[in-house]
Every structure is written in C-alpha cells, then in structure tokens.
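Asker: Sharing a structure here in structure tokens format.
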C-alpha cells in the first residue's frame, strides 16, 4: 500500500512538473516579435481613429467582411508586392493568425461581441441604430487581423467604422513603420456611407 501511494505521488509530481515546465517555456522570437508589432500597430490604429469624446468600441470578431471586396486589387498590385508576399496575403485572407480580439490584443478598446452587434440590428428592434446608440454608444469599429510583411515594417489592415444607416467608412490599406510611427501608404479600395 505504501509503495502504491509513493508511486502515485511520484507520478503526480512528475505530471505537475511537466505541466509547470510547459507553461513557463518562453514563446519563440517570431511570436514575441508578432505580439509586439500587433500591440504597437493596434494602439496606433485605435488612437488614429478614435473620437476621444466617446469610447472606442471594437467588435470582437476579426471577420469584418468588407476587406475581402478589396482583396483582388491588393493581390493584383505587382508594383508593391513580390510574388511571395502576394501568396502570404492570400494565406492571411483564408487563415488569419487569430479570429477574436481580446483585451490583451486591443487594450485601448471596449470590446463588444459580434452576436451583440447582430442582436442590436436584428428584427427584434424597430431601429437597430437607435437601439445601439441607446445601449452601447455612437459607433463601433471592425478590424481585420493585421498582416505584417518585411520584418514587421509593413502592415496590411482592414478597418471600418459604423455609426449609422448612412454613416460609416472602411478601407483595406497598407501602413509602413517610420521610426516609432505607422504611416498610411496606400489603399486598395474604401467605402463611405
């Protein structure tokens, strides 16, 4: 009995040590570089689009939808992108690095669930925008998962702001890191309502 108990204790310690060791293994450098670039860029994106008189509300889904309308123009841009980069862009569009915004990824935003936005504009409400304004705020934003190229110095990113039935903007754009700042370079389509 004592041997069985001792053996079970050793197995438990071994499993616990294995789990603890796995949880403290540092991320590889690529993940760390991506995380740093992501937080830096999203902070820029929020601050450059934020109306500081109101909270910046971000839908938690990275599937804004609108950026796929402009993707073909982006992929046709052989003057800007190499063939390898165009393949990366196609892969990014099909399989983004993540699908949900979290507070860790977008610290300066108030996140709102996609289902909550869909509920606000469902048939249950006579005027979805009136309901949204009364319960959440003046507008909400959608962001794609950023794609970084050229050693994290370029970023392709779709962003949109939705503020009413005939109020909103969106674009798929390229930004370039210039020192400590991100600068708009070009877009492959935008919409305004």
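Just so you know, all these numbers are worked out from the coordinates, no wet-lab data involved. Predicted, not measured: the structure shown is a model, and the values here were computed from it. Cβ atoms come from the backbone with ideal geometry, glycine included; neighbour counts cover every protein chain shown.
Asker: Between residue 167 and residue 94, what FRET efficiency follows from the Cβ-Cβ distance if R0 is 25 Å, with the result rounded to 0.05? Numbers along the way, then the final one.
Answerer: Values: r = 31 Å, r/R0 = 1.24.
The pair residue 167/residue 94 has a calculated efficiency of 0.20.
Asker: Using 7 Å Cα-to-Cβ label points, what is the residue 193/residue 73 separation (nm, one decimal)?
Answerer: 1.8 nm
Asker: Using Cβ contacts closer than 10 Å as the measure, can you line up 122, 159 from fewest to most? Don't jump to the answer; show the numbers that get you there.
Answerer: Numbers: 122 11, 159 22.
Ordered by Cβ neighbours within 10 Å, fewest first: 122, 159.
Asker: What does the extension gain come out to for residue 115 and residue 102, with contour length at 0.36 nm per residue minus their alpha carbon separation? Could you put the intermediate results ahead of the total?
Answerer: Values: separation 13, 0.36 × 13 = 4.68 nm, distance 1.52 nm.
My answer for the length gained is 3.2 nm.
Asker: Would you mind ranking 182, 92 by Cβ crowding within 10 Å, fewest neighbours first?
Answerer: Numbers: 182 21, 92 18.
By the 10 Å Cβ count, ascending, the order reads 92, 182.
Asker: Here's another thing I want to ask about it. Does the range 45-193 come out rounded, prolate or oblate by the C-alpha gyration tensor, with a ≥ b ≥ c the root eigenvalues, rounded set by a/c under 1.5 and, if not, prolate when a/b is larger than b/c and oblate if not?
Answerer: Working: a/c = 2.02, a/b = 1.75, b/c = 1.16.
Prolate is the answer for the range 45-193, as a/c is 1.5 or above and a/b outweighs b/c.
Asker: What ranking do 184, 132, 121 get, fewest neighbouring Cβ atoms within 10 angstrom at the top?
Answerer: Ascending Cβ contact count within 10 Å gives the list 184, 121, 132.
Asker: Right, something else. Could you give the distance between the Cα centres of the range 131-145 and the range 88-113, to the whole Å?
Answerer: If we compute the Cα centre of each part, the gap is 16 Å.
Asker: Tell me, what is the FRET efficiency for residue 122 and residue 184 to the nearest 0.05, using R0 = 35 angstrom and their Cβ-Cβ distance as r?
Answerer: Working: r = 35 Å, r/R0 = 1.00.
E(calc), rounded to 0.05, equals 0.50.
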